[in-house]
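Enquirer: Quick one: the structure is below, questions incoming.
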Amino acid sequence: MKTSSTATADCTSDCDVLVIGGGPAGSTAAALLAERGHRVTLLEKAHHPRFHIGESLLPANLPLLEKLGVADAVKAIGMEKWGAEFVSPWHDHKQTFEFADAMDKSMPMAYQVRRAEFDEILIRNASFKNARVVEGCQVQNVDFLPGNEGALVQGRHDDGHTETVHARFVLDASGRDTFLGNRLKAKQRNEKHNSTAIYAHFTGAERNTGKAAGNITIFWFEHGWFWFIPLADGTTSVGAVTWPYYLKTRNKKPLEQFLQETIALCAPLSEKLQHAQLSSPVEATGNFSYACDHTHGSNYLLLGDAYTFIDPVFSSGVMLAMQSAFVGAETVDTCLRHPEQASAAFKRFDRAMRTGPKVFSWFIYRVTNPTMRDMFMGPRNIFRVKEALLSILAGDVFGKTPIHGPLLIFKGLYYTASLLNFRRTLKAWRMRKRNIRPVDEAGATVS
C-alpha cells in the first residue's frame, strides 16, 4: 500500500466517501452518509445475495434498523428471537435468559436472519439512499495523497477492467479481509484469545416450541462451544467454535465428516440433529481473534470486523458493525463539513470503537471457565447483576442504561468465587493458556 502521491492512473470517478465492503458496516455507513448529502461510492467484491455466517441479531440492532428505515423489511425475513439458552455438560439443567428481563425493558426481542437476505436489504437500502453501489469490484490498492487531498482507490471489476476513484475519505468495512489493517501492518493476533470455527446449515433439526422456537442455543462441550440458530425458513445454522488445536486434529478428513464427528461429542446437540440433513456445504475458518492497533487515520476509519473480531459467542458481530457505522458516519460528516472539529470527532470514534469489544471481551475470555459457567447456569439478581448481564446479552452497551455498577459487582462475585475455588481456577487458567496458543506452538499437525 502506498502512502504518497505516486499513482499515475487516470481517475474514472470521484466521491466524498469511498466505502470498501458491502456488509452490515459498509452498507449502513453508505446509507447514512448518502442520506446526509455526501457523494458515496461503495465497492463490494461479491454480488448480493451471497452467503455469510453470523445470523443472530441482538435487541440493540432493532433501533438501528429503525433509524435506517429497514425494520419492516428485516421483520419480514426474520425469526423472532426472545432469548438465549445455555446448555452445559457439567450441569443437569438448561438455563434460558429472556431479553425482556434486562434493565432496559424496551428491547425485549431480536431476530435470527439469513445473512444473504439481511445483507442484501442493507446494501439495497444504501443504493436507494443514492449511494453508488458497485458489486463485483474488488479493491486492489489505496494510495493516500498528501495533505487533505484524500486517496486514490483502485478496484478491479469481475470483467477485468479497473476503476480508480478519487475519494476525500475512505471507510474500510472489508470485514475479516481487514484490507487496510493488512496493508498498514496494523492487524495483530489477539494474544488473549484464539479460536476457530466449523459450520453449516441443516434442515429438519429439532427446535424449541412456542415463543422459544427462535431462541439461540449455546452448547458448551469439551473443545469449546456450539451455536444453534433457527431460521425462519426451517433451516438451522449450526457451528462449533473451538480451540485451534482441535480443528487441526481433522488432518485430512472431509469437513463434513469432521463436523459430524464434532457434533457427536455433544449429546444434547446431537439429539436435536438426529433427524436433520445438511443443506449447505460445510465451511471452516481459523484465526478468529484479532485487532488492529488503531481505529483511524487522518482520512480513513476502520469499521466493524475490519478493526477487530473476538469471538461470536454473544452474537455481537452485526450489532458492533452497525454501531461502528453509525458513529463512523457521524465522524466522517464532521470531518468533511467541519474539519476544525476533526480531532475531537476522531477521539469520540476511537472511544466508541473500543467500548463494545472491551465490554464483551471480558466475558468472552472467561466464558469457558468453570466459575463463569456456574454463574451463567445459576444466575442471581443480587444488586441487579442478572439484569446487567442480560443487558450485555442484548447488546445494550452504548446507551444510558446503568449497567456499570452491577457489572462491577458481577465481576467481584466472579473473582471471589474463583479465589474460593483456587485449585480449579488455577487448573482452568493453565488449560486456557495452552488452548489459546497458535497451532504451530501447540505442536498440532497442519492438514
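Enquirer: Can you tally the net charge around Leu413? Count Lys and Arg as +1, Asp and Glu as -1, for every other residue whose Cβ sits under 13 Å from the Cβ of Leu413. It would help to have the intermediate numbers written out before the result.
Expert: Working: positive: Arg366, Arg380, Arg384, Lys386, Lys411; negative: Asp374.
Here the charged neighbours net out to +4.
Enquirer: Along the charge dipole of region 257-388, pointing to its positive end and built from +1/-1 on Cβ of Lys, Arg, Asp and Glu, which listed residue (Phe349, Ile382, His275) has its Cα farthest out?
Expert: Value computed over the given set: Ile382.
Enquirer: Taking trypsin sites (Lys or Arg not before Pro) as candidate sites, keep only those in a DSSP loop with at most 11 other Cβ atoms within 10 Å, then name the longest stretch of the chain containing none of them.
Expert: Here the longest run is 253-379.
Enquirer: Could I ask something else about it? Counting only pairs 8 or more residues apart or on different chains, how many lysine pairs in region 59-195 have their Cα atoms under 25 Å apart?
Expert: Going through region 59-195 pair by pair, I get 9.
Enquirer: Which of the listed residues, Thr242, Gly214, Val74, is farthest toward the dipole's positive end in the chain, when Lys, Arg count +1 and Asp, Glu count -1 at the beta-carbon?
Expert: With unit charges placed on the Cβ atoms, the residue in question is Thr242.
Enquirer: Please report how far the C-alpha centroid of region 331-383 lies from that of region 254-275, rounded to the nearest whole angstrom.
Expert: 34 Å
Enquirer: First measure r as the distance between the Cβ atoms of Arg380 and Glu271, then evaluate 1/(1 + (r/R0)^6) with R0 = 25 Å and state the FRET efficiency to the nearest 0.05.
Expert: It comes out at approximately 0.25.
Enquirer: Taking Cα centroids, how far is region 55-92 from region 125-194 in Å?
Expert: 29 Å
Enquirer: In vacuum, with every alpha carbon of region 360-447 counted as one equal point scatterer, what does the Debye formula give for log10 I(q)/I(0) at q = 0.21, 0.22, 0.25 Å⁻¹? Two decimals, please.
Expert: Relative scattering, expressed as log10 I(q)/I(0), comes to -1.01, -1.07, -1.26.
Enquirer: Evaluate E = 1/(1 + (r/R0)^6) for Ser298 and Lys67, where r is the Cβ-Cβ distance and R0 equals 41 Å; express this FRET efficiency to the nearest 0.05.
Expert: On the way: r = 28 Å, r/R0 = 0.68.
That gives a FRET efficiency of 0.90.
Enquirer: Please report, in debye to the nearest 20, how large the charge dipole of region 233-365 is about its Cα centre when each Lys and Arg carries +1 at its beta carbon and each Asp and Glu carries -1 there.
Expert: Its charge dipole is roughly 300 debye.
Enquirer: Indicate, rounded to the nearest 5 percent, the antiparallel portion of the DSSP beta bridges found entirely in the chain.
Expert: Numbers: 54 of 77 bridges.
Around 70 percent of the beta bridges assigned by DSSP in the chain are antiparallel ones.
Enquirer: Could you identify which residue out of Pro254, Pro268, Pro63 has the top mean-square fluctuation in a GNM of the chain using Cα springs shorter than 10 Å?
Expert: For the chain, modelled as a Gaussian network with Cα springs under 10 Å, the answer is Pro254.
Enquirer: Sticking with this one: Under a Cβ-Cβ cut-off of 12 Å, what is the net charge of the residues other than Leu68 that fall near it, where Lys and Arg count +1 and Asp and Glu count -1?
Expert: In short, 0.
Enquirer: Show me the chymotrypsin sites (Phe, Trp or Tyr not before Pro) within region 56-155 that DSSP assigns to loop and that have at most 13 other Cβ atoms within 10 Å of their Cβ.
Expert: Of the chymotrypsin sites (Phe, Trp or Tyr not before Pro), the ones in loops of region 56-155 whose Cβ has at most 13 other Cβ atoms within 10 Å are Trp90.
Enquirer: Given +1 on the Cβ of Lys and Arg, -1 on the Cβ of Asp and Glu, and no further charges, what dipole in debye does region 346-385 carry about its Cα centre, rounded to the nearest 20?
Expert: In total the dipole reaches around 240 debye.
Enquirer: Quickly work out the Leu278-to-Asn130 label distance, labels modelled 7 Å from Cα along the C-beta direction, and quote it in nm with one decimal.
Expert: 4.9 nm
Enquirer: Could you work out the local net charge near Ala344, counting Lys and Arg as +1, Asp and Glu as -1, over the other residues with Cβ closer than 15 Å to its Cβ?
Expert: Summing Lys/Arg as +1 and Asp/Glu as -1 gives 0.
Enquirer: Where nothing but the Cβ of Lys and Arg (+1) and of Asp and Glu (-1) is charged, how large is the charge dipole of the chain around its Cα centre, in debye to the nearest 20?
Expert: Rounded to the nearest 20 debye, it is 1720 debye.
Enquirer: Within region 230-251, name every residue whose backbone N is under 19 Å away from a label modeled 7 Å from Cα of Glu222 along the Cβ vector.
Expert: Answer for region 230-251: 240-251.
Enquirer: Hey, another quick one. Top mean-square fluctuation among Gly26, Gly378, Gly54, Gaussian network model of the chain, C-alpha springs under 10 Å?
Expert: Its mean-square fluctuation being the largest, the pick is Gly378.
Enquirer: Which one, Leu152, Thr196, Phe169, is farthest towards the positive end of the dipole of region 130-210 when Lys and Arg carry +1 and Asp and Glu -1 on their Cβ?
Expert: Looking along the dipole axis, the top candidate is Thr196.
Enquirer: Here's something else I'd like to know. Which shape class, rounded, prolate or oblate, goes with the chain when its Cα gyration tensor gives a ≥ b ≥ c as root eigenvalues, a/c under 1.5 marks rounded, and past that a/b bigger than b/c marks prolate?
Expert: Taking the square roots of the gyration eigenvalues as a ≥ b ≥ c, the chain is prolate.
Where a number appears in this text, it was derived from the coordinates with a stated rule and is not lab data. From a predicted model like this one, the values you see are computed outputs, not experimental measurements. Neighbour counts are summed over all protein chains in view; Cβ atoms, including those assigned to glycine, are modelled from backbone coordinates with ideal geometry.
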